[in-house]
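Undergrad: To start, I am sharing the structure in question, which I have written as structure tokens.
Read the figures in this text as sums done on the coordinates, not as results from a lab. All figures in this text were calculated on a predicted structure; none of them were measured in a lab. Here the Cβ positions follow ideal geometry from the backbone for every residue, glycine too, while neighbour counts run over all protein chains shown.
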Amino acid sequence: MSIDIPKVMLNDGHEIPSIGLGTIDLMGNKGVLQILDAIHSGYRLIDTSTNYDNEGIVGKAVRESSVPRDQLIVSSKLPGKYHDFDNALKMIEEQLARTGLEYFDKYLIHWPNPDDGKYVEAWKALIQAQKLGLVRTIGVSNFLGHHLEKIIDETGVTPATNQIEVQPYFHNKENVEANKKFGIVTEAWSPLGRDINDAKEHPDLIGIGEKYNKSAPQVIVRWLHQRDIVPIVRSGDPIHQKDNLDIFDFELTDEEMDKVFALDKGEDGRVEDQNPDEYHEYV
Ligand SMILES: NC(=O)c1ccc[n+]([C@@H]2O[C@H](COP(=O)([O-])OP(=O)(O)OC[C@H]3O[C@@H](n4cnc5c(N)ncnc54)[C@H](OP(=O)(O)O)[C@@H]3O)[C@@H](O)[C@H]2O)c1
């Protein structure tokens, strides 16, 4: 049975589903089948990037799916070495060729790479790509409040979404608040802590889930949903894929929400120690 995922309205009038599918490590022919399984279960937002080396198979799954193209939101990202205006536009065309699609429904700058100082130029390229019809809704990823302020001040265009790390050990409250201040929807990457931390096996989360007959990962996805955050949760397992969508029939109490917040480890909780003010994406 396919789950109908509630939608979220963005500041540019586009809508996206309130849960998306992450695709790191979903590759090759098996990856195509895993993405098709996810679409079959109800996923309509599929997140990819040049970094994941799978734009080709994401496009293949979208083209092979029986779900009409206009009901799927394919989201990719501008790699760090293409922040120059002209190169960014050429790269978007290249990424589209890799997917075999005519346009990306959603497109983000992957990292600000502040040491290069070109993220405003990259943002201008996304604005141009949108005008050219190469991409529909445009946003950013891993932008802190001051990066957002700069691109908005210099272009007058506010990103629709900002995809940032948010998971039980790294709540990232400040960044989530900055997004809210600008009317930007937050997407959460590594919402389950990938396989790097043990959040999805934490006894407190298992304990909360027992009351509702839900797993710890379902508690995490629900906790994000109740924070108005769109989790981009990855699974190649059809049962996990379905479970991660099955979070709309229960509600965490304020006390349970606080219990998840209490797991925060601040900067030490990041899965890969990637502070966007310091991290440089080389791809
Ligand atoms: N913008 C950025 O800079 C950035 C950075 C990192 C990630 N991302 C995006 O965010 C997505 C998600 O993050 P992630 O891939 O790092 O990891 P994640 O979604 O936090 O965790 C994925 C892991 O959790 C397991 N899992 C999923 N559902 C489960 C369930 N119900 N029960 C038990 N285990 C479960 C998966 O295994 P199974 O496959 O076996 O279910 C997989 O090992 C990425 O795939 C990518 O699209 C973006």
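Undergrad: Which whole-angstrom value gives the distance between the alpha carbon centres of segment 18-41 and segment 254-280?
TA: Each part reduced to its Cα centre gives a spacing of 26 Å.
Undergrad: How large is ³J(HN,Hα) for each residue in segment 214-221, as worked out from phi by the Karplus curve 6.51 cos²θ - 1.76 cosθ + 1.60 (θ = phi - 60°), to whole Hz, x for Gly and Pro?
TA: These are the phi-based 3J(HN,Hα) values: 10, 7, 4, x, 5, 4, 5, 4 Hz.
Undergrad: Continuing with the same structure: What spacing in nm lies between the two simple spin-label points modelled at Ile206 and Asp116, each 7 Å away from Cα in the Cβ direction?
TA: Each label point lies 7 Å from its Cα, and together they span 4.3 nm.
Undergrad: For segment 174-227, just run the numbers: alpha carbon Rg, then divide by 2.2 N^0.38 Å, N being how many residues it has.
TA: Cα Rg divided by the expected 2.2 N^0.38 Å: 1.29.
Undergrad: Could you pull out every residue, at least 5 positions away or on a different chain, whose amide H is within less than 5 Å of the one on Ser141? Hs are placed 1.01 Å off N in the peptide plane, and Pro or chain starts have none.
TA: Close amide H contacts, sequence-distant or interchain: Ile109, Gln163.
Undergrad: Now a separate question. Computed FRET efficiency, Cβ-Cβ of Asp12 and Glu174, R0 22 Å: what is it to the nearest 0.05?
TA: Computed FRET efficiency for Asp12 and Glu174: 0.35.
Undergrad: Once amide H atoms are built 1.01 Å from N in the peptide plane, which residues 5 or more positions from Ile73, or in another chain, come under 5 Å H to H?
TA: Those qualifying (amide H under 5 Å, at least 5 residues apart or on another chain) are Leu45, Ile46.
Undergrad: Can you return the lysines within cross-link range of Lys214? Criterion is Cα-Cα under 17 Å, with same-chain partners fewer than 8 residues away left out.
TA: Counting by Cα, and skipping residues close in sequence, Lys214 has these lysines nearby: Lys200, Lys242, Lys259.
Undergrad: Quick one: if you stick a label point 7 Å off each Cα along the C-beta vector at Asp277 and Glu255, how many nm between them?
TA: It works out to 3.8 nm between the two label points.
Undergrad: Now for a different question. Count the lysine pairs in segment 1-156 whose Cα atoms lie under 22 Å apart, taking only pairs 8 or more positions apart in sequence or on different chains.
TA: Going through segment 1-156 pair by pair, I get 29.
Undergrad: Put a dot 7 Å past each Cα toward the Cβ at Asp264 and His146; how far apart are the dots in nm?
TA: With each label point 7 Å from Cα toward Cβ, the separation is 2.0 nm.
Undergrad: With a cut-off of 8 Å between alpha carbons and a minimum separation of six or more residues, what is the relative contact order of segment 145-193 in percent?
TA: Dividing the mean separation by the residue count of segment 145-193 yields 43 percent.
Undergrad: At 0.36 nm per residue, and after removing the present C-alpha to C-alpha distance, how many nm does the segment from Asp4 to Lys131 gain when stretched out fully?
TA: 42.6 nm
Undergrad: Next question. Quick check on the chain: take the gyration tensor over C-alpha atoms, sort the square-rooted eigenvalues as a ≥ b ≥ c, and tell me if it's rounded (a/c under 1.5), prolate or oblate.
TA: It is oblate, given that a/c is not under 1.5 and a/b is not larger than b/c.
Undergrad: A further question on this structure: Below 8 Å, C-alpha to C-alpha, sequence gap of six or more: please give me the relative contact order for segment 67-124 in percent.
TA: 46 percent.
Undergrad: Applying the Karplus parametrisation 6.51 cos²θ - 1.76 cosθ + 1.60 with θ = phi - 60° to the phi angles of segment 133-148, what ³J(HN,Hα) value in whole Hz is obtained for each residue in order, glycine and proline being reported as x?
TA: Computed from phi, the couplings for segment 133-148 are x, 6, 9, 9, 7, 10, x, 9, 9, 6, 8, 7, x, 6, 5, 4 Hz.
Undergrad: Related question: Is the shape of segment 29-138 rounded, prolate or oblate, going by the alpha carbon gyration tensor and its root eigenvalues a ≥ b ≥ c, with a/c under 1.5 for rounded and a/b larger than b/c for prolate?
TA: prolate
Undergrad: Same structure, new question: Out of residues 5 or more away from Ile3 or on other chains, whose amide H comes under 5 Å of its own, with H placed 1.01 Å from N in the peptide plane?
TA: For Ile3, the qualifying residues are Gly42.
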